[in-house]
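Notes for the one structure printed next.
The values are calculated or read from the model by the stated rules, or taken from the named source; none is laboratory data. Quick caveat: nothing in here was measured; it's all calculated off a predicted structure. Ideal geometry is used to build each Cβ from the backbone, glycine not excepted, and the neighbour counts take in all protein chains shown. Remember, those area values only see protein heavy atoms, side chains included, never the ligands or the DNA or RNA. Shrake-Rupley method; radii C 1.70, N 1.55, O 1.52, S 1.80 Å.
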Amino acid sequence: MNEHTEKNIGQSQHGLKEIFKRLSRAPLAMIGLAIVVVLVFTAVFAGFIAPYGYAEQDLMAAFEEPSGAHLFGTDEFGRDIFSRIIYGSRISLQVGFIAVGIAVFAGGFLGAIAGYYGGKADNLIMRAMDVLLSIPSILLAIAIAASLGPGLFNLMIAVGISSTPNYARIVRGSVLSIRNQEFVEAAKAVGSSDLRIILKHIIPNCLAPIIVQATLGVAIAILTAAGLSFIGLGIQPPIPEWGAMLSGGREYIRDYAYMTVFPGLAIMITILALNFLGDGLRDALDPKLKR
Amino acid sequence: MFKYIARRILFLLPVLVGVSFIVFSLLYITPGDPARMVLGDQATEEAVQEFRNKEGLNDPFLVQYGRYVYKAIQGDIGRSYMTRRPVSDEILSAFPSTIKLAALSMVIAILLGIPFGIISAIRQYSLFDSVTMIFAMVGLSMPVFWLGILLILFFSVQLRWLPSSGFDSLAAMILPSITLAAQSVAIVTRMTRSSMLEVVRQDYIRTARAKGQKESVVIWRHALGNALIPVVTVVGLQFGHLLGGAVLTESIFSIPGVGRLMVEAIKMRDYPLVQGGVLYIAIAFSLVNLLVDLVYAWVDPRIKAQYK
């Protein structure tokens, strides 16, 4: 019995290191990680990398094909598309990470309570999550964003809430599998408060599946946010958002296709990288699936 | 079995109440006075107040919600600010296109996803498998709206093979359905493959092989049935994603469905129409999930056994 408990406690510390070791052997996951690191770097240092400002107009240079001066060409206002994509990475990553942060926090909190206390609280919370899940997540995000009105912050909330139920489910499942183990009982026996047990003993032990889901979740959040901006909810001009840029370029698709190609490519590469990383993390977490 | 069906149908009720509550709450917190929206800017303050009293807009939240549900049961979920027509009429006239689009995409996802998933799993680590998995990953990462634009660019603008908008002829349906299906094809392929790989490792498959059964019989008779059970669930969930994704696809290809209606309503701040669209699609999704669960129970004898 004792051994079993120790093994479980040990897992939480060794687990992550072991996972990253396995992850480093998956080439696609490492490519994904590298791209994500580069993207974070671009987002942080956008001001130094971008050759032009994101709202810098030059009507004389409108609709210029990609060239040395304008790597990805210019849009209808003569704004440099390359610079706007660089600045756009800021918005997309912010929305992706913060929306997932909101979802992990809210979902984790609800899931932990549902799983730890069980009974009525569990029933109430999980039925509420079922209701949220019965609305396709992009529609829920659309509905919330439409009510809150446009804006970066509202977009994050809309995307965050719409993906909360997934995290609640995962955390609840993990908590259920952990809450009756001996080390939790031991903590209870020495008089730890419920809050302390959940935060110090249970959450660290179900971190791994949350990390995987969060990585894939950032990808979904960025896609959802871009979709919302595409239909005119979310970010307002002149702030460069990839989905909004695509939507703007659509009108000129027949003559200036590059305007829609590059922002789309930016979205796809970002999502692809996050998916590679998330997939790699999942395999690293559960080696049984791989072989 | 009957008990299971009854239980499952009863379970639909709290979900519908919950969804209507969310939709109503979102309408309620939406900025802007509905009375002003209906009467216009020129209306006098008295007229607005009278309208608010008549429509019960000054009542407490829960009273208003109760009235909303009461009316919704009779099919009345408000009027569009734009056209003044009942929201349900607007949505019901647009619904067939959306369902047709989602169903077509679903068929594409099943017809492509399941065979590709099976072949990938049988030939794990082969060239076919690698290429399929890379395509699946790209499909998964492709924004619906971008794929739609690229397809229009290539097949409509460059080659002039297919129309770039509308939904009334078979040719016009091709690009939108492919656009919408892409992500689901990827998900169904990945799910079928991993589920198949899991089943193939089970003991009873080893037994079947050990007794000298032909490989094709092992795969098609013993493995496939069990491998497809989780795929059924994923396919059902995909329908929800497809209905959601239809909103974007319709607006790209100018298809007169619920999605485009909603996008136009968002632009005009016609909130009853937006939330009405959400309500209808959530109901459609719940009904499809009910259907999937029933199919599931019918396919999986374990569920049937539970409710004997």
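Assorted remarks:
- Carbon and sulfur %, accessible surface of the protein assembly as shown computed with the full protein complex present, 1.4 Å: 65 percent
- Cα gyration tensor category, rounded, prolate or oblate, for chain B with a/c compared to 1.5: oblate
- Listed by chain and number, the aspartates and glutamates whose alpha-carbon sits under 17 Å from that of B:LYS214, ignoring those within fewer than 8 places in the same chain, are B:ASP203.
- Dipole magnitude (debye, nearest 20) for chain B, charges at Cβ of Lys, Arg, Asp, Glu: 1520 debye
- Estimated FRET transfer efficiency when R0 is 60 angstrom, pair A:ALA186-B:ASN58 (beta carbons, to 0.05): 0.55
- The string of couplings for segment A:90-98 from the Karplus curve (6.51, -1.76, 1.60, θ = phi - 60°) is 4, 5, 4, 5, 4, 4, x, 6, 6 Hz, one whole number per residue in order, with x for Gly and Pro.
- Neighbour cut-off at most 16 other Cβ (10 Å), DSSP loop, trypsin sites (Lys or Arg not before Pro), segment B:82-144: B:ARG84, B:ARG123
- Mean ellipticity per residue at 222 nm, deg cm²/dmol - from DSSP H runs of n ≥ 4 across chain B, formula -39500 (n - 2.57): -25500 deg cm²/dmol
- Total formal charge among the other residues, if their Cβ is under 12 angstrom from that of B:LEU39, Lys/Arg +1 and Asp/Glu -1: -2
- If you count Lys pairs in chain A whose Cα atoms are under 29 Å apart, skipping same-chain pairs closer than 8 places in sequence, the total is 17.
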